[in-house]
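Below: the structure, in structure tokens.
What follows draws every value from the coordinates through simple rules; no lab data is involved. Just so it is clear, the model here is predicted, and its values are computed rather than measured. Virtual Cβ from ideal backbone geometry, glycine too; neighbours counted across all protein chains shown.
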Amino acid sequence: MAIHSPEDRLWWKQPLHRVEIVWISIAFLWGLLMFFAMIYWHAAGDQNVSSEAYKITPERFSALTEAMAKKYKVREEGETGVPVVKPPAGSDVYMLARLWEWWPVLELKKGESYRLHLSSLDWQHGFSLQPENINLQIHPGYEMIVTVTPTRTGTYSVICNEFCGIGHHTMVGRIHVVDK
Ligand code: CUA
């Protein structure tokens, strides 16, 4: 806010300078180009996955995840006490985000498809699958469902890439992909 009013109170009625209209046009056209690029990236990009989103309460999502973990637990991940869960191929698989972990650890088969459900029990978290670099925003109250078909065996990290407080940097999960 200016301390003094402009001398010419009708300043906005002055014609646009040529340079100004050129820059406004460039910005507008760039915005338009990027808008249509979003559609192109979705079809041709490797990082923008197709996902579905539905409403779900944290209590219900937690119950579904716990039930799956109990039914298909095969071992624990090292000394962490976190269960490694190996659900059947083609099934609905759940991974929850909470302060500050991705839970549980999943073991999936290479070449098989799964419906991966992701949701948060508390705050907003970021699901970042490394080293594939697939990124999704995970909110409480909504579940994201992604159909995944792992193509390479190995251990993948799930990093939280949305700042969620003091333990954010420790919020790391794991997905193992194994041969059939
Ligand atoms: Cu969860 Cu950062």
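Largest GNM mean-square fluctuation among Met144, Met38, Met95, using the chain with Cα springs under 10 Å: Met38. I need the GluC sites (Glu not before Pro) found in segment 1-62, filtered to DSSP loop residues with at most 11 other beta carbons within 10 Å of theirs. Here the GluC sites (Glu not before Pro) that fit, given the DSSP loop and packing criteria, are Glu7. Across every pair of non-identical alpha carbons in the chain, the mean reciprocal distance, once inverted, gives a Kirkwood radius of 19.1 Å. Near the amide H of Leu108, within less than 5 Å, lie the amide hydrogens of His176, Val177, Val178, all on another chain or at least 5 residues away, with H placed in the peptide plane. For Lys180, the lysines whose Cα comes closer than 18 Å to its Cα, not counting residues fewer than 8 places off in the same chain, are Lys73, Lys86, Lys109, Lys110.
Projecting the Cα atoms of Ala53, Trp11, Gly173 onto the charge dipole of the chain (Cβ charges, centred on the Cα centre) puts Ala53 farthest toward the positive pole. Between the helical axis of 58-72 and the longest alpha-carbon principal axis of the chain there is an angle of about 30 degrees. Name the trypsin sites (Lys or Arg not before Pro) in segment 1-76 that are in a loop by DSSP and that have at most 15 other C-beta atoms within 10 Å, would you? Filter output for segment 1-76: Arg9. As a test of the definition: which semi-axes, in Å, follow for segment 82-172 when you take the square root of five times each eigenvalue of its alpha carbon gyration tensor? Largest first, please. For segment 82-172, the ellipsoid semi-axes come out as 22, 14, 12 Å.
Here's the list of aspartates and glutamates a cross-link from Lys55 could span, going by alpha-carbon distance under 20 Å and ignoring same-chain residues fewer than 8 apart: Glu66, Asp92, Asp122, Glu143. Of the beta bridges in the chain, as assigned by DSSP with both residues counted there, near 70 percent are antiparallel.
Counting alpha carbon pairs within less than 8 Å and at least 6 residues apart, what relative contact order, in whole percent, applies to segment 28-114?
20 percent
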